[in-house]
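Here's a structure for you.
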Amino acid sequence: MNARSLLAACLMIAALPALGQEGPVLKEGQADVGTLVDALAPAQQKEPVRTRSIRIVRDDVGSAPVSPKPAKVSLLITFDTNSANLTPGAKQSLDVVGQALSSEKLAAARFAIEGHADPRGVSAANLKLSQLRAESVRTYLVENMHIDAARLEAVGKGDRELMNRSNPEAPENRRVTIVNLSRAQ
C-alpha cells in the first residue's frame, strides 16, 4: 500500500464515527436564547465565485444550485414515559426556545419541530409517539410562548433517524430537533 492509499484509508476511518451524527444534543438547562438564535439562524449564502467561463454551481445531477444545509438544533426534551406529556424541565427549556423563536433574527422564519424516538417497541407506535411529542412541543410554543402556529410544523420521525447508532437506546435518540425551513439569505 502506498502512502496516498494509506492516507485515504486513514481519513475514511476517521470519518466513520461521524456518520449519522448531526451535532450535539442540548440537554435541559444547557441552551440559552443566544445559542439557539445562532444555531437556528439561516446560513448566509455566499455569492458564487465568478470566473471567465464558469460561475454557476450545480448539484451532482445538474438540476439546481447547491444550497447550504438548513439550520437546526437538537434538544433533549423530556416527556413522561411512553407519553407526549412534557415534564416541568422540558417546559423550562421550551420557554427558552420560545424566546429564541421570538427574537428579531428569527421572527419571520418557519420551523419544523421533528420528534424522534429510540427503536424500542414497534416502529409504527414509535412513529405515532414521535408525532404526538412534536405536536406537544408545537402546542406548548403556540399556547404558552405565543409563537404563530403558521410558523411551526410538527413532524414525527419515529425511530428512523438515530443520532447514536452504536447505542440505539441512548437518550439522544429520543429528542426533538428544530429545523429552520427558511431559505438561506
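In whole Hz and in residue order, list the ³J(HN,Hα) couplings for the range 91-105 that follow from phi through the Karplus curve 6.51 cos²θ - 1.76 cosθ + 1.60, θ = phi - 60°; x for Gly and Pro.
Ordered by residue, 3J(HN,Hα) equals 5, 4, 5, 6, 4, 5, 4, x, 5, 5, 5, 7, 5, 4, 5 Hz.
Based on Cα coordinates alone, diagonalise the gyration tensor for the range 84-165, multiply each eigenvalue by 5, take square roots, and list the semi-axes in whole Å, largest first.
25, 13, 11
Ok, one more. Return the aspartates and glutamates within reach of Lys27: Cα separation strictly under 12 angstrom, same-chain partners fewer than 8 residues apart disregarded; answer none if there are no such residues.
Glu172
Give the carbon-plus-sulfur fraction of the accessible surface of the range 114-185 in %, rounded to a whole number; probe 1.4 Å, heavy atoms of protein chains only.
C and S atoms contribute 49 percent here.
Within the set of other residues whose C-beta is less than 15 Å from the C-beta of Gln30, count the net charge using Lys and Arg as +1 and Asp and Glu as -1.
-3
While we're looking at this one, here's another question. How long is the gain from Asp95 to Thr35 if the chain were fully straight, where each residue apart is worth 0.36 nm and the alpha carbon distance is subtracted? Each step should come with its number before you reach the end.
Values: separation 60, 0.36 × 60 = 21.60 nm, distance 1.39 nm.
Difference between extended and current length: 20.2 nm.
Taking θ as phi - 60°, what are the ³J(HN,Hα) couplings along the range 71-83 by the Karplus curve (6.51, -1.76, 1.60), each to the nearest whole Hz, with x for Gly and Pro?
Each residue of the range 71-83 in turn: 6, 8, 9, 9, 10, 8, 9, 8, 10, 4, 4, 6, 8 Hz.
For every other residue with a beta carbon closer than 12 angstrom to the beta carbon of Ala100, add +1 if it is Lys or Arg and -1 if Asp or Glu, then tell me the sum. Provide the component values of the computation, followed by the final result.
Numbers: positive: Lys105; negative: Asp32, Asp38, Asp95, Glu104.
My count for the surroundings of Ala100 gives -3.
Counting only heavy atoms of protein chains, what accessible area per residue, in Å², does the range 68-185 have with a probe of 1.4 Å?
So the range 68-185 comes to 50 Å² accessible per residue, rounded to a whole number.
Can you give the extra length, in nm with one decimal, that the chain gains between Arg120 and Asn144 once fully stretched, where that is 0.36 nm per residue apart less the Cα-Cα distance?
Here the answer is 5.5 nm.
The values are calculated or read from the model by the stated rules, or taken from the named source; none is laboratory data. Only a predicted model underlies this, so the values are computations on that prediction, with no experimental measurement involved. Counting neighbours? That spans all protein chains shown, and the Cβs are built from the backbone with ideal geometry, glycine included. For accessibility, only protein heavy atoms count, side chains too; no ligands or nucleic acids. Shrake-Rupley method; radii C 1.70, N 1.55, O 1.52, S 1.80 Å.
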